[in-house]
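Okay, structure first, notes after.
The values are calculated or read from the model by the stated rules, or taken from the named source; none is laboratory data. Only a predicted model underlies this, so the values are computations on that prediction, with no experimental measurement involved. Here Cβ is always computed from backbone atoms with ideal geometry, including for glycine, and neighbour counts include all displayed protein chains. Side chains included, ligands, DNA and RNA excluded: accessible areas come from the protein's heavy atoms. Shrake-Rupley method; radii C 1.70, N 1.55, O 1.52, S 1.80 Å.
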Amino acid sequence: MKTIAVVGGSLAGLSTARALRHQGFDGRLFIISGERHRPYDRPPLSKTYLAGTVTDAEIALEAADEDLDADWRFGVTALALDPSGRRLDLSDGSALVADGVVLATGASPRSVPGTPRLAGAHVLRSVDDSRSLREDLRPGARLVVVGAGFIGAEVASTARGLGLEVVVVEAASHPLSGPIGAEMGSVVASLHTRHGVELTCGMGVVGLIGGDRVTGVALADGRVVDADVVLVGIGVRPNTEWLRGSGLAAAEGVICDAYGATPVANVVAVGDCAAWYEPALGRHVRFEHWTAARERGAIAAATLLSGGTEFRSGRPPYFWSDQYGLTIQIAGHIAGADSIVVEEGSTADCDFLAVYRRRADPVAVLAMGRGKSFMHWRRQLATAAVSARQE
Ligand code: FAD
């Protein structure tokens, strides 16, 4: 392989590019990055960066002296992939033909359907989104957060810290009920209400109201919640539209095997845009997790360079979230769990560790605080996953 093109220059793309070099690739490396910024870390965008307590330099993903000997194309997007010749058409009018292609285009936030763009109404994915939201988070203003997933919950927490009045509207019965389930979601609900957030669950949002600027959020029951600023955090869609015609543009993400290989030879996908086969679940899953985007770069690189077939994606999925000074961590798969037992601490104090089990076997662990015990359980889950694969 003499030329490899990485499409997407953020966490997954950078991790894969690093791994390619680390694993001995010494050919030409192109990195096509739709953004104008050098790679930066996204988790602080809803937390410390949004709060204004860390700088741009502190969220950089590259070390100052890092040099991958790569040809970076900033502010350039890939518009199409011709799978037969691995030819990429780029937005600057040029084209690239590569021996190997890494798809690492991430995901984009969903907006409330049918809603026009209004000043004061935000989504949050990029550093520019975070800066623009931060300008609107003035003490005493009223923020309405649509969606109590991780991003919505973290922005609510940060905004309370900045002195805003915060209302959260969530369509599901509890915050974070997808990733942690309703029972533990009720603990997160209590955490938010304890910190002065007005939380309405089980309520859809039908639109945003306003002229030039947003003034309210219209609820499914006909009410309107007044707002000075709105954050819409209702999930993301993988950036795969540009792959239309290549056979790889599935709405649920680029379908890959358990090593990142796509159905097209010498094309791999990694990070938030990719749905890898998950042996533990017997289906393809797209994780929107920092750790997956970072760790799987090495596997995708090995797949591309050596067609690796040895199973190396050992660790169960892991996600953390910081809210109101607490770190919430979850590892494993909660799907199919038939019991949740609080093994340590107390949910009432928001200081606990809970284990999800299926037929008595631990399948996931959730903690608020309790970092040391959580690490122990996370390791145990990883060991169990390795033994299950060897059986
Ligand atoms: P992205 O980071 O989305 O990067 C994809 C890149 O590809 C982007 O730069 C995009 O512009 C570019 N691109 C898209 N299309 C094209 C194209 N056609 N051509 C060229 N370039 C293209 N995870 C956690 O585990 N814990 C957290 O606390 C946490 N907090 C988060 C907070 C926020 C605000 C956000 C947005 C995410 C958070 N995450 C967190 C998730 C984590 O950041 C993501 O899983 C990770 O960024 C995924 O990396 P990626 O490289 O796959 O995708």
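Think of the chain as a dipole: +1 on every Lys or Arg Cβ, -1 on every Asp or Glu Cβ, centred on the Cα centre; then among Ser126, Ala335, Gly161, Ala335 lies furthest on the positive end. Accessible area per residue for the chain, computed on protein heavy atoms with a 1.4 Å probe, is 43 Å². Rounded to the nearest 500, the 222 nm mean residue ellipticity of the chain from helices alone is -7500 deg cm²/dmol, with -39,500 (n - 2.57) taken per DSSP H run of at least 4 residues. Over every Cα atom in the range 145-235, the radius of gyration and the widest Cα-Cα span, Dmax, amount to 12.5, 40 Å. Ignoring solvent entirely, what values of log10 I(q)/I(0) come out of the Debye formula for the chain at 0.08, 0.14 Å⁻¹ when each Cα is a single scatterer? The computed values of log10 I(q)/I(0) come out as -0.44, -1.29. Toward the positive end of the charge dipole of the chain, with +1 on the Cβ of Lys and Arg and -1 on the Cβ of Asp and Glu, the farthest Cα among Val206, Val230, Ala384 is that of Ala384.
Taking packing as the residue-averaged number of other Cβ atoms within 10 angstrom, the listed peptides 97-108, 221-232 run from highest to lowest as 97-108, 221-232. For the range 285-292, just list the computed ³J(HN,Hα) in residue order, Karplus coefficients 6.51, -1.76 and 1.60, θ = phi - 60°, integers in Hz, with x standing in for Gly and Pro. Coupling constants for the range 285-292: 9, 9, 8, 9, 10, 3, 5, 5 Hz. Under a 5 Å amide H cut-off, with hydrogens placed 1.01 Å from N, Ala141 pairs with Glu165 among residues at least 5 apart or on other chains. Dipole magnitude for the range 59-179: about 800 debye, using +1 per Lys or Arg Cβ and -1 per Asp or Glu Cβ, origin at the Cα centre.
When the accessible area of the chain is split by element with a 1.4 Å probe, what percent falls to carbon and sulfur? Result for the chain: 50 percent of the exposed heavy-atom area is carbon or sulfur.
The dipole here belongs to the chain: it is taken about the Cα centre, uses +1 on the Cβ of Lys and Arg and -1 on the Cβ of Asp and Glu, and is about 460 debye. With semi-axes defined as the square roots of five times the eigenvalues of the C-alpha gyration tensor, the equivalent ellipsoid of the range 38-148 measures 33, 21, 11 Å, largest first. Can you tell me how the range 32-96 classifies by the Cα gyration tensor, rounded, prolate or oblate, using a/c under 1.5 as the rounded cut? Taking the square roots of the gyration eigenvalues as a ≥ b ≥ c, the range 32-96 is prolate.
Over the chain, Cα pairs under 8 Å with separation of 6+ residues give a relative contact order of 15 percent.
Charging the Cβ of each Asp and Glu at -1 and of each Lys and Arg at +1, and nothing else, the dipole of the range 318-391 about its Cα centre rounds to 280 debye.
For the range 188-300, what class follows from the C-alpha gyration tensor (a ≥ b ≥ c being the square roots of its eigenvalues): rounded when a/c is under 1.5, otherwise prolate if a/b is larger than b/c, else oblate? Note, shape of the range 188-300 comes out prolate. Which of Tyr356, Leu326, Ser108 sits farthest toward the positive end of the charge dipole of the chain, with +1 on the Cβ of Lys and Arg and -1 on the Cβ of Asp and Glu? So the residue we want is Tyr356. Note on Arg213 and Arg237: the model spin-label points, each 7 Å out from Cα along the C-beta direction, lie 3.0 nm apart.
DSSP bridge analysis restricted to the chain gives an antiparallel fraction near 60%, rounded to the nearest 5. Put simply, the range 83-179 fits an ellipsoid with semi-axes of 36, 17, 13 Å; these come from the alpha carbon gyration tensor as the roots of five times its eigenvalues, largest first.
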